[in-house]
Each structure stands twice: as structure tokens, then as C-alpha cells.
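Here's the structure, in C-alpha cells; my notes come after.
Derivation of every value follows stated rules applied to the coordinates shown; laboratory data play no part. Keep in mind that what you see is a predicted model, and the values were worked out from it rather than measured. No Cβ is skipped: glycine too gets one built from the backbone with ideal geometry, and neighbour counts run over all protein chains shown.
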Amino acid sequence: MLLKFDSFLTTNFMSEKTDTLGGLTIFDIDDTLFKTTARVVVRKGKKLVKRLETGTYSKYRLKPGESFDFSEMQDAEKFNKESRPIKRMMAKAKIILKNALATKKSKVIVVTARQDMNNKKVFLDTFRKHGFDIDKVRVERAGKITDTPTPRAKAIIIHNYLKTGQFSRVRLFDDSSANLSEFLKLQRIFPEIKFEAFLANKNGSVRTIKEEYGAGEIGTTELVNKYKRDTPYSGPLSVGATTSKGSFKTWKKIAKGVNRGKDGRTVQDAGSGHNPEGFGSL
């Protein structure tokens, strides 16, 4: 079912008189807020095998000898020069952000499959030049959680925010049905929170997605439970950190809320409200 833009403005999602908690709204970037040209490249040695959009990348399984090349996805200049805002969705995002800031209880974040960009300022300037107040929004990069499929990595990030207990409502706008399905599985962990999933179309319209899987489906629930078993800490993951290959050994450090990025700066727990570099930092 396609939803009209006005429905997002008349809803009580962001603020309800009887609700002391806020709402969390999450936007994807590629083919949700912006029409982008960067692709994940599949290579076999020096040979280019295939170029994947973000939606198909999450489903692609590497064949023997193949590897992913993320250089285009990390190119801030390419993003700045070639990306075009999807007008209807960008309009939604601007008004939703304005309403969230007015309530002071609600929050808007961006969760992307991308890793770190090679120039943070140029990347964020893309949002600024199109009138989106990115300096009031946290950008989370699911690509930093290595060896984890994008849908699960995004769900881990969202799990961190919901774990804070600050939100009674959460909604995700994403062009990937796989990301939305994994997001909806979090309802089993947070049954007291209202979930809404919206599949973004190329023209900026959306349609509602319902959970298709029953309890016990292998996915986010098992991933979070494994994290709880393997670490003595029950708090949220630090999603700015990178997990070790094929294991959860580094999650003990992550659970303490501190890990070091390539530049040596400390990355704090997502959802903690602390951002040493200001809103919109990468």
C-alpha cells in the first residue's frame, strides 16, 4: 500500500501527549534519500566481474577467488558531485527532522551500508547543500561491522538505540526489503515498542512492509543472543567499531563502549547521546 506524504505529518508518531518516550526515525541514504551512482565492485584478481547496487550487494554471495571493492562507496567527491536528492523522500525527512527536534524526545538518524568516507566534510556537505540539517543527525555506518551481512549490521545498530529505553516507537525508511525484514525481527526483542517499516520507491513514495518471518528465524535475534552469551556486558554494542573476522572476540571491547578507529580517535556507544565530534559526525 502506497502512503501519502500527508500521513507522515498527521501521525502522532513523534509525540503523544500520554507518552513520556520519544520516536526514533531512521533513513537509509542510497536510493532512499539520494539517487546515487556509486557501486560495490566485485573483482576476481584484477578482473572486474560485476558492479552491484547497495540493494543487490547485501544479497550477493562471493564465488571462489572473488572479493568486494568498496572504493566507489567511500569516495566522498563522487557522492557530492553525482548524488541527486529524491525530492519526495527528502521533503519527508526534512519535516520529520524538524518535528523531532521540536519534541526534544525524538530522534532522527541515518544508517547506511557504507563504511567510512575518505572525506567526511565533503560527504556531509552534500546533505547541507540540499537543505538537510545533517549537523543535527547522527550518521551510522553499517559497513564498519565487518563480516556481517548489511541487513543484520543495520539491525545491530538500531538495536543499540532501542536498548537505551528512550523510544516507544521506531520506523525505518529503506529501499531494501531485506533490511526492513531484519529490522522487523527486532520486535521480538522489544515487544513494547511500535515498529513501522517503509519500503522506499525510486520516486520517493513508500509502502508498508510487515514481518514475514516467525519467531526463531535465524537472524538478528540469534546474533544479539550470541553477543549476550559471549560477553559479560549486557549494554548496547558500539556500532562505530569493527568486529574481528569470523568471530565476536572484539565485542568485549565494543561492549565497554570504546574502540579505536584508524585515526586513533575513540568511538562511543551508539545511542548513548554522546558524540565527541558533534552531530552528523562520521
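Using every alpha carbon pair in region 87-160, what percent of pairs falls into each 10 Å bin from 0 up to the bin containing the largest distance?
That works out to 18, 42, 36, 4, in percent per bin.
Amide H to amide H, which residues 5 or more places from residue 31 or on other chains are under 5 Å from it, using H placed in the peptide plane?
36
What do you get for trypsin sites (Lys or Arg not before Pro) in region 78-171 restricted to DSSP loop and a cutoff of at most 11 other Cβ within 10 Å of the site's Cβ? Could you put the intermediate results ahead of the total?
Values: sites: 78, 81, 87, 88, 92, 94, 98, 104, 105, 107, 114, 120, 121, 128, 129, 136, 138, 141, 144, 152, 154, 163, 169, 171; in loops: 104, 105, 114.
Within region 78-171, the qualifying trypsin sites (Lys or Arg not before Pro) (loop, at most 11 other Cβ atoms within 10 Å) are 104.
Each residue of region 93-106 in order: what ³J(HN,Hα) in whole Hz does its phi give by Karplus 6.51 cos²θ - 1.76 cosθ + 1.60, θ = phi - 60°, with x for Gly and Pro?
Whole-Hz 3J(HN,Hα) from phi for region 93-106: 4, 5, 6, 4, 5, 4, 5, 5, 5, 5, 6, 6, 9, 8.
Taking square-rooted eigenvalues a ≥ b ≥ c of the alpha carbon gyration tensor, is region 110-209 rounded, prolate or oblate, where a/c under 1.5 means rounded and, failing that, a/b exceeding b/c means prolate? Working shown, then result.
Working: a/c = 1.59, a/b = 1.41, b/c = 1.13.
Note, shape of region 110-209 comes out prolate.
Which FRET efficiency value, to the nearest 0.05, is calculated for residue 136 and residue 59 with the Förster distance at 30 angstrom and r the Cβ-Cβ distance? The partial results should precede the final answer.
Details: r = 33 Å, r/R0 = 1.10.
E(calc), rounded to 0.05, equals 0.35.
Given axes a ≥ b ≥ c from the Cα gyration tensor, I'd like to know whether region 51-195 is rounded (a/c under 1.5), prolate (a/b larger than b/c) or oblate. Walk me through the numbers on the way to the answer.
Values: a/c = 2.02, a/b = 1.14, b/c = 1.78.
Oblate shape, in that a/c is at least 1.5 and b/c is the bigger or equal ratio.
What nm distance separates the two modelled labels at residue 119 and residue 102, each placed 7 Å from Cα along Cα→Cβ?
Taking the two extended label points, one gets 3.7 nm.
What chymotrypsin sites (Phe, Trp or Tyr not before Pro) does region 33-116 have in DSSP loop regions with at most 15 other beta carbons within 10 Å?
Those satisfying the criteria are 60.
What ³J(HN,Hα) values, in whole Hz, does the Karplus curve 6.51 cos²θ - 1.76 cosθ + 1.60 give for region 51-68 when θ = phi - 60°, with x put for Gly and Pro?
Computed from phi, the couplings for region 51-68 are 10, 10, 6, 4, x, 7, 4, 5, 9, 6, 10, 5, 8, x, x, 8, 8, 8 Hz.
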